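The values are calculated or read from the model by the stated rules, or taken from the named source; none is laboratory data. These numbers were taken from a predicted model, which means no experiment stands behind them. Here the Cβ positions follow ideal geometry from the backbone for every residue, glycine too, while neighbour counts run over all protein chains shown. Keep in mind that these areas ignore ligands, DNA and RNA; they rest on the heavy atoms of the full protein, side chains included. Shrake-Rupley method; radii C 1.70, N 1.55, O 1.52, S 1.80 Å.
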Amino acid sequence: MGNSNEIHQTLDHLFRIESGRMVSVLVNIFGSANVELAEDVVQDALYSALESWKFRGIPDNPKAWLYRTARNKAIDIIRKNRFSENFDFSKGDKQLFKSEYSLKANMEAYWQDDKIKDQFLGMMYACCHPELSQENQVTFILKSLCGFSTKEVSRAFLTSEDTISKRLLRTKNFFRQGKIRPEIPEAEELASRNDAVLSAIYLIFNEGHHSTHNADLIRKDLIGQALYLCRSLIENEKTKTSKAMALMALICFHAARVDSRIGDRGRNILLPDQDRSLWSRELIEHGKYYLNQSASGSISSFHLEAAIAYEHCRASTFQETDWKAILAYYDVMLKDSFDSVVFLNRCLAEMEYRGPEKALASLEKLANEGSMKKYYLFYAARAEMYKRCGRSQDAVSDYSTAISLNLSSAEKEFLTTQLDALIRQN
C-alpha cells in the first residue's frame, strides 16, 4: 500500500512539471481542435496513477509510468476514432495512425524526449498567437501548460472562475476554428512571435514576484513556472535568443532574493532590512551566467532590468549598492520611450543617490499622469520621499491614499504599519 500523502505530493509535483508537456504531445497527435480531449487524457492518466499507486506504491520512475499511461490512453482513443471527422490523420506521419501495424511505433515517436521539448515550445507559441489577447494567452498558458486549476488561475489574477472559464473557452474555440498548428514558427515569423512569448512569461513572473491580486505578496509557484517556461526557450537552439537569456537572468536574480523578502506572518521586508545571507548564491551565479550569455545580442529592457537586479545582488550591504550605475541603467531604459512605472523606479534610485528633495522634484513629472492617480506605489514612493524630507503631514496623506488603492492584503498591512509608525513619531 502506498503512502497517501507521498502519492499526492509526487503527483502534484509531476502535474506541475509534466502536464504541459503531455498536453502538448497529445494536441500534436489529436490536432489543435481537440485541446480539451488532450487535457482529459492527462487528467485520466493522473487519476489512474492515484488509483494504482494506492495499492502498488509509487513506481521507481513515476514520470515514465505517467507518460506510458497517457500514451496508451491515446492509442485507445485513436483506435476508436481514427476515421472520425474530429481527427485529421490525412497528412504526414499522422497517416500512420490509420494502420494498426504502424500505430504504436508512430505513437512512440511522438514521446521521444527531444520531440516532447519541441512540441511543448510549439504549444507555447500557439498559446501566444497574435490574434489572442494577452490575458487569454497567459490564462491558457497557466491552465494548459503549467497545470494550474481554474480556481488557481482565478486567484492569481483576482477574477472569478467563471471569467477564467470563459477565457479558456474562447481560446479553445480559437484553436478549434483556426486550426492553429502548435509548432515553433519558421525563422521569418519567429522573431515577431518571440516578443509575445517573452511578454507572457514576464507577466507570469511579475505577478509572482509582486502579487497584486493575491493575499500573498510573493507567489513562488508563479515564479517557478516562469523559470520553467523561460528555461524551455533557452534550451532550444531555435528559440535561444539574447532577449530570452536576459529574461532568464532577470528572473534568477529576483528569485534568489525571495526568501529574504517575507518575514513573520507574511510581512513585507524592504531591501535595506533583508538578511542577505538568505539570498541564493546559486541562483545569483546562474543569473550572472545567463546575463553574460545574453551580451551577444542587442540590448533590450530585459537586459537593463537584469543589470539593475544584478547591482542589488552583488552589493554586500544596502549601503554599498551602486546607485549611480542603477540610475544610469534607468536613464538608458527611458531614453527611447517614456514609461511611467520605469520612471517611478528611477526616482526611487535617485532618492538613494541624490537625496529625497531631488527625487521628489523629479517625481512631480508624474503627478498629473492619469495612470499614476490610481497606482498605489506612486503614493507609497512619494510618501517615503516626503517622510525623508520631514514633511510628515504630506507623507501621512499619501500613505493613506496608497492604502485605499492597494489590492494586496500583505501590502496593505505593510503600508498601514508604516503609516502608524509615522503618526506615533509625530
Output the number of residues of the stretch 294-314 satisfying the condition of being at pLDDT below 95 and more than 20 Å from the chain's Cα centre (by Cα). 5
The stretch 132-158 - residue that is open to solvent by 70 Å² or more (accessible area, probe 1.4 Å) and under 14 Å from the mean Cα position of the chain (by Cα) and, of those, nearest to R181 (Cα to Cα): Q134
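One line per residue, one yes/no per condition, for (1) touching a strand residue (DSSP E or B) at 6+ places or on another chain (Cβ under 9 Å); (2) buried (at least 21 other Cβ atoms within 10 Å of the Cβ); (3) within 23 Å of L422 (Cα to Cα):
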site: F318; (1), (2), (3): no, no, yes
site: W323; (1), (2), (3): no, no, no
site: L334; (1), (2), (3): no, no, no
site: V341; (1), (2), (3): no, no, no
site: M351; (1), (2), (3): no, yes, yes
site: L363; (1), (2), (3): no, yes, yes
site: N368; (1), (2), (3): no, no, no
site: K387; (1), (2), (3): no, no, yes
site: S400; (1), (2), (3): no, no, yes
Any residue that is part of a loop (DSSP other than H, G, I, E, B) and buried (at least 19 other Cβ atoms within 10 Å of the Cβ) - is there at least one of those in the stretch 159-175? no
With respect to F55, is the statement that it is at negative phi, surrounded by fewer than 21 Cβ atoms within 10 Å (Cβ to Cβ) and touching a residue at least 12 places away in the same chain (Cβ under 8 Å) true? yes
Of (1) open to solvent by less than 30 Å² (accessible area, probe 1.4 Å); (2) assigned to a loop (DSSP other than H, G, I, E, B), K240 fails just (1)
Which residue is least open to solvent (accessible area, probe 1.4 Å), if the candidates are limited to the stretch 247-272 and must be within 16 Å of D221 (Cα to Cα) and either outside any helix (DSSP H, G or I) or polar (S, T, N, Q) (or both)? A256
Residues satisfying the stated conditions in the stretch 109-131, i.e. closer than 18 Å to K179 by Cβ and loosely packed, with under 15 Cβ neighbours inside 10 Å: P130, E131
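For (1) free of Cβ contacts under 8 Å to residues at least 24 places away in the same chain; (2) farther than 24 Å from M22 by Cβ, each residue gets a yes or a no:
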| position | (1), (2) |
| --- | --- |
| L121 | no, no |
| K166 | yes, yes |
| I180 | no, no |
| L190 | no, yes |
| V197 | no, no |
Could you please give the count of residues in the stretch 71-103 that are within 36 Å of the chain's Cα centre (by Cα) and more than 19 Å from V23 (Cβ to Cβ)? 4
Condition first: surrounded by fewer than 15 Cβ atoms within 10 Å (Cβ to Cβ) and either at pLDDT 90 or above or under 25 Å from Y353 (Cα atoms) (or both). Now tell me which residues in the stretch 402-418 satisfy that. S404
Would it be correct to say that R231 is at pLDDT 80 or above and not hydrophobic (A, V, I, L, M, F, W, C)? yes
Suppose we filter A380, A361, A325 for residues that are within 17 Å of S301 (Cβ to Cβ), in a helix (DSSP H, G or I) and at pLDDT 90 or above; which single one remains? A325
Residue in the stretch 80-108 that is farthest from G31 (Cα to Cα), counting only those that are small (G, A, S) and open to solvent by 50 Å² or more (accessible area, probe 1.4 Å): A105
